[in-house]
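Presented below is the structure to which this report refers.
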Amino acid sequence: MDEADWLAARFEEQRPHLRAVAYRMLGSQAEADDAVQNSWLRLSGADTADVDNLAGWLTTVVARECLKMLRTRRSRREEPIGDTTAEPSAGDHDVNDPEAEALLADSVGPALMVVLDNLAPAERIAFVLHDIFAVPFDEIAAILERSPAATRQLASRARRRVQGATPPRQVDITRQRQVVQAFLTALREGDFDGLLAVLDPDVLLRDGSAELTPGAAGLLRGARAVGAHALAFSRAARFVQPALVNGAVGLAIVPRGRLIGALGLTFRHDKIVVIEMIADPERLRHVGLAAVGP
């Protein structure tokens, strides 16, 4: 094995941890994947001969990428799109690895992700790295370009805000199942009004596999536009079944029992507010899918 292959293998060993770190910071799996990919680009072009702790080095690189993303998002007054009810896929982790399982503990679930979105970027980085991943303040300070004392204060302030916040109720899987079944029934019957009944007026459809409208970069917004687009696939709806997609009720596309795609859904007030179409085989491989009961 040459050095490049060895480095790639070491990176793949760290990928689940890095995705978990990035997801906690960003609250978006798509952005987390981007941050992790950027860390690989940095690693592949870096001289790591003097790096004693590759895991720590990669965590630092990912944290800096996340900090840039959070600051850009805040300057544009944007929110992460639709991933706050989804956990990183357990399929990315060795189920016999206690550390990997700890990264996905219920205490750091969807409710906390919503609270974290209210923190300033530096507060979020300090809190996530120290309180969730036990990174020393000295290392976090270097990432944030602040003193260890100032970094400790950031984490303390974030901790008080998190502890003082009233987290929203946990997702109601049963109610989600009802909304998804209504969506699927309307889709199969070609019922446009039925689709509108379960779609939020400002619903966002993200589709990385197709150009929906010129310049839209795979985005559609608005219940009528999304509903009309969905109806174009009504004949294929017989191959679609409800499933848990990354912890929330969504839809799996399984013609002849073969998984070829999934729809990740985000809910608010019993309406679908985000639909993420996942068809890329590589992304699909990392999606957590499970059966959902009636």
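Brief remarks follow.
- Check on ALA9, modelled with pLDDT of 85 or more and over 23 Å from the mean Cα position of the chain (by Cα): yes
- Residue within segment 153-160 that is more than 30 Å from LEU204 (Cβ to Cβ), at pLDDT 75 or above and crowded, with 19+ Cβ neighbours inside 10 Å present: yes
So that you can scan it fast, the table gives a plain yes or no per residue for (1) at pLDDT 85 or above; (2) closer than 22 Å to PRO281 by Cα; (3) in the same structural domain as ILE272 (by TED's automatic domain parsing); (4) aromatic (Phe, Trp, Tyr):
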site: GLU211; (1), (2), (3), (4): no, yes, yes, no
site: ARG221; (1), (2), (3), (4): yes, no, yes, no
site: VAL226; (1), (2), (3), (4): yes, no, yes, no
site: LEU231; (1), (2), (3), (4): yes, no, yes, no
site: ARG238; (1), (2), (3), (4): yes, yes, yes, no
site: PRO242; (1), (2), (3), (4): yes, yes, yes, no
site: VAL249; (1), (2), (3), (4): yes, yes, yes, no
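- Failed condition for ASP193, given (1) at pLDDT 95 or above; (2) more than 18 Å from ILE253 (Cβ to Cβ); (3) surrounded by 15 or more Cβ atoms within 10 Å (Cβ to Cβ): (3)
- If you go through segment 266-285 and keep only what is more than 11 Å from LEU204 (Cβ to Cβ) and either surrounded by 15 or more Cβ atoms within 10 Å (Cβ to Cβ) or in contact with a Phe, Trp or Tyr (Cβ under 6 Å, 6 or more places away or on another chain) (or both), you end up with PHE267, LYS271, MET277, ILE278, ALA279, ARG283, LEU284.
- Listed conditions (1) at pLDDT 85 or above; (2) surrounded by 22 or more Cβ atoms within 10 Å (Cβ to Cβ); (3) within 18 Å of the chain's Cα centre (by Cα) are all met by GLN37, apart from (2).
- For segment 132-147, the candidate set comprises residues that are touching a helix residue (DSSP H, G or I) at 6+ places or on another chain (Cβ under 7 Å) and exposed (fewer than 15 other Cβ atoms within 10 Å of the Cβ); within that set, the residue that is nearest to LEU58 (Cα to Cα) is ASP138.
- For segment 129-139, a residue qualifies if it is under 23 Å from the mean Cα position of the chain (by Cα) and either within 13 Å of ARG64 (Cβ to Cβ) or not in a helix (DSSP H, G or I) (or both), and the qualifying residues are LEU129, PHE133, ALA134, VAL135.
- Of the residues making up segment 162-183, none is in contact with a His (Cβ under 7 Å, 6 or more places away or on another chain), hydrophobic (A, V, I, L, M, F, W, C) and at pLDDT 70 or above.
- Residue check for VAL240: under 16 Å from SER28 (Cβ atoms) and either in contact (Cβ under 8 Å) with a residue 12 or more places away in the chain or surrounded by fewer than 21 Cβ atoms within 10 Å (Cβ to Cβ) (or both): no
The values are calculated or read from the model by the stated rules, or taken from the named source; none is laboratory data. Computed from a predicted model, the values in this text were never measured in an experiment. Positions of Cβ are backbone-derived with ideal geometry, glycine not excepted, and every protein chain shown enters the neighbour counts.
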